[in-house]
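Read the figures in this text as sums done on the coordinates, not as results from a lab. Quick caveat, the model's predicted, so the values are computed rather than measured. So basically every Cβ, Gly included, is an ideal-geometry build from the backbone, and we count neighbours across all protein chains shown.
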Amino acid sequence: MEEVYPGRLFPLYANRAVANVSVLLRMDKERKLIVAGNWKSNKTNSEAVALVTDLIRELAAVKEVDVVVCPAFTALSDVSKLVLGSNIRLGAQNLSDSGYGAFTGEIAPGMLRELSVRYVILGHSERRQFQKESDALVAKKAANAHANNLIPIVCVGETLAEREASITEKVVETQVRGSLAGLTAEQVESTVLAYEPVWAIGTGKTATSAQAQEVHAFIRKVLVSMHGEAIARRVRIQYGGSVKGSNARELLQQPDIDGALVGGASLESKGFVEIIKNSI
Ligand code: PEP
């Protein structure tokens, strides 16, 4: 899985104005940026084909970032053929917690593997909210993903009410521990986490880079307590919530922010390309 641990490129840090200790300590960072577009329930097959065709052309030279697109299931097959041989990887937006069988409406891992899907978004706040997905179910799906060579992108994040009640850390810790429960240390290491404050998703309100960094550092601390320093330092943690070209650079320069999960701004190539180019 070549995109999991290649070292993040040094120039990102060389750009930093402040030579504080935590930045210096991060110069050996083993995490490559990962930016994923979550197209949600948008784009017909032909629209998805048009969008990915633009992205392949515009992003052909990008090597510093793992770029992932996550179209609806109906577009995976055609998009898969187009991204083959490009530097764009394919993700799905959900996965069954089982295999093939009598599970109407579910998508089994083998169906995704045949289309060269590498990533699956799990536990997105919209699924937690509207489909009532629990941490336990997310953990089961994450285990199913790993068992089938798919990399889960596990989403966590607090609501506005939870932030205002000052229980962000408690909520996020419960979600991280619950959604990764039962995974081996090796599986956790290759899992991608996405911190997505619910109040910032699709609202135009972005967490400040300081707010986001604070929670990302906290998540890494939780990972240290679960699996030790060496594993925690390798886990990539994306930020998600109204990321766009104008705020991507500052967010992604934070020491514990290793990429972005992008909704709205990934629906047209100009916006998504700008985020990626601004994060290098
Ligand atoms: C998302 O839904 O994962 C997301 C981050 O959406 P947006 O970028 O539109 O806030």
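Within the range 206-248, how many residues are within 16 Å of the ligand (Cβ to nearest atom) and either of a type in the set (Lys, Arg) or assigned to a loop (DSSP other than H, G, I, E, B) (or both)? Total meeting the criteria: 8. A search for C-beta distances below 7 Å between a residue of the range 213-238 that is crowded, with 19+ Cβ neighbours inside 10 Å and any residue that is of a type in the set (S, T, N, Q) and in a helix (DSSP H, G or I), counting only pairs 6+ apart in sequence or on different chains, returns VAL215/THR168. Just one of the listed residues (GLU186, GLU162) is exposed (fewer than 15 other Cβ atoms within 10 Å of the Cβ), out of contact with any Lys or Arg (no Cβ under 7 Å at 6 or more places or on another chain) and outside any loop (DSSP other than H, G, I, E, B), and it is GLU186. Among the residues of the range 249-262, those that are within 13 Å of the ligand (Cβ to nearest atom) and on the phi < 0 side of the Ramachandran plot comprise LEU251, ALA260, LEU261, VAL262. Scanning for something polar (S, T, N, Q) and within 16 Å of the ligand (Cβ to nearest atom), does the range 80-96 turn up at least one residue? Yes - at least one qualifying residue is present in the range 80-96. In the range 263-274, is there at least one residue being within 16 Å of the chain's Cα centre (by Cα), more than 15 Å from the ligand (Cβ to nearest atom), among the hydroxyl-bearing types (Ser, Thr, Tyr) and not in a loop (DSSP other than H, G, I, E, B)? Within the range 263-274, none of the residues are within 16 Å of the chain's Cα centre (by Cα), more than 15 Å from the ligand (Cβ to nearest atom), among the hydroxyl-bearing types (Ser, Thr, Tyr) and not in a loop (DSSP other than H, G, I, E, B). Could you tell me whether the range 257-265 includes any residue that is in contact with a helix residue (DSSP H, G or I) (Cβ under 7 Å, 6 or more places away or on another chain) and among the charged types (D, E, K, R)? So far as the range 257-265 goes, no, none of its residues is in contact with a helix residue (DSSP H, G or I) (Cβ under 7 Å, 6 or more places away or on another chain) and among the charged types (D, E, K, R).
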